[in-house]
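First comes the structure, then the notes that go with it.
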Amino acid sequence: MSYCTIEDLRSEGFTEEDFTDEALALLIEQSGKLIDKITGQFFEPRTMTIRLDGRGGQNLLLPLFLIGDEIIKVDNEVLNQDEYILYNRFYPDDDRHYPKIYRAKKWPAGKLNIEITGNFGYVEEDLSTPKDIKRAAMKLAVSYFPLLSDKTAQEEKALQGLVISETTDGHSYSLSAEALTNIQSGALTGDSEVDAILRTYTRPKLRFAVA
């Protein structure tokens, strides 16, 4: 996942002398993984298939926002699009936090008997990553995976969150125990701005797939 770009990090002071493009790509990937883990969401379109239990209700509650291009099977039979209503609006109501599919005929009870293939992701209407998620990704890359020397082993250690203190080629960096624990556990980051953003996007816990 790429929620910010190499150019974004260059603008924050990651010069070519300090970090290669390959190293910055790893920083971007790592910050994206942390965001996904904390929020339970992802912020780019991804084509995937999910399977859910039917529970006999009319509203199928989805764990992820279904953008569209969907194929829905119930007990291995493909539904026609006129058999259901997909709630995937951006306005006037925003369904991204509570996506669902309504079916007047109800969703028959069963174990993993509903299969949905389509494009999923918490994205803007133009399919772009939300701007504040991009901001969070940049801050995480800058704050948690900072400049060391351009040596592969040191980059890998930094990306894994294992560097506690390091001084190389004039660049110094210390990672607090709290920050290290946050990165490894997937807890919130400790950065108040980033935490506020990620709380906004954290996926609600769903107890049942169908209501």
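The values are calculated or read from the model by the stated rules, or taken from the named source; none is laboratory data. Small disclaimer: the values here were computed from a predicted structure and weren't measured. Cβ coordinates were reconstructed from backbone atoms using ideal geometry, including for glycine residues, and neighbour counts include every protein chain displayed. We work out accessible area using only protein heavy atoms, side chains counted, and drop any ligands, DNA or RNA first. Shrake-Rupley method; radii C 1.70, N 1.55, O 1.52, S 1.80 Å.
Looking at region 29-56, which of its residues are of a type in the set (Gly, Ala, Ser) and in contact with a helix residue (DSSP H, G or I) (Cβ under 8 Å, 6 or more places away or on another chain)?
Ser31, Gly32
With the structure loaded, tell me whether Thr47 is modelled with pLDDT of 90 or more, farther than 14 Å from Val142 by Cβ, surrounded by 16 or more Cβ atoms within 10 Å (Cβ to Cβ) and among the hydroxyl-bearing types (Ser, Thr, Tyr) or whether it fails that test.
No; evaluated as a whole, the condition is false for this residue.
Output the residues belonging to region 96-126 that are within 21 Å of Arg51 (Cβ to Cβ) and among the aliphatic types (A, V, I, L, M).
Listed by number, the residues that qualify are Ile101, Ala109, Leu112, Ile114, Ile116.
Hey, does region 26-41 have a residue that's surrounded by fewer than 20 Cβ atoms within 10 Å (Cβ to Cβ) and of a type in the set (A, V, I, L, M, F, W, C)?
Yes, because at least one residue in region 26-41 is surrounded by fewer than 20 Cβ atoms within 10 Å (Cβ to Cβ) and of a type in the set (A, V, I, L, M, F, W, C).
Which members of region 3-28 meet the condition of being part of a loop (DSSP other than H, G, I, E, B) and touching a helix residue (DSSP H, G or I) at 6+ places or on another chain (Cβ under 7 Å)?
Those that are part of a loop (DSSP other than H, G, I, E, B) and touching a helix residue (DSSP H, G or I) at 6+ places or on another chain (Cβ under 7 Å): Tyr3, Cys4, Glu12, Phe14.
In contact with a Leu (Cβ under 6 Å, 6 or more places away or on another chain), modelled with pLDDT of 95 or more and within 23 Å of Ile28 (Cβ to Cβ): does that describe Phe145?
Spelling it out, it is not the case that Phe145 is in contact with a Leu (Cβ under 6 Å, 6 or more places away or on another chain), modelled with pLDDT of 95 or more and within 23 Å of Ile28 (Cβ to Cβ).
When you check Asp93 against the structure, is it at pLDDT below 95, open to solvent by 20 Å² or more (accessible area, probe 1.4 Å) and more than 30 Å from Arg51 (Cβ to Cβ), yes or no?
Answer is no for this residue.
Restricting to region 123-133, and then to whatever is in contact with a Ser or Thr (Cβ under 9 Å, 6 or more places away or on another chain) and open to solvent by 20 Å² or more (accessible area, probe 1.4 Å), can you tell me which residue is nearest to Ser11 (Cα to Cα)?
The residue in question is Asp132.
Looking at (1) outside any strand (DSSP E or B); (2) buried (at least 16 other Cβ atoms within 10 Å of the Cβ), which one does Gly118 not meet, given that it meets all the others?
The single condition Gly118 does not satisfy is (1).
Report, ordered by the first and then the second residue, all pairs with beta carbons closer than 8 Å, sequence separation of six or more or different chains, a first member in region 72-92 that is aliphatic (A, V, I, L, M), and a second member that is part of a strand (DSSP E or B) and modelled with pLDDT under 95.
Filtered contacts from region 72-92: Val74/Gly54; Leu86/Gly68.
Just to be sure, is Lys106 open to solvent by 40 Å² or more (accessible area, probe 1.4 Å), more than 30 Å from Asp191 (Cα to Cα) and not in a loop (DSSP other than H, G, I, E, B)?
Judged against the criteria, Lys106 is not a match.
Would you please list the contacts, defined by Cβ atoms under 6 Å and residues six or more apart or on different chains, that run from a residue in region 38-67 that is under 19 Å from Cys4 (Cα atoms) and touching a residue at least 40 places away in the same chain (Cβ under 8 Å) to a residue that is among the charged types (D, E, K, R) and open to solvent by less than 40 Å² (accessible area, probe 1.4 Å)?
Phe42/Asp36
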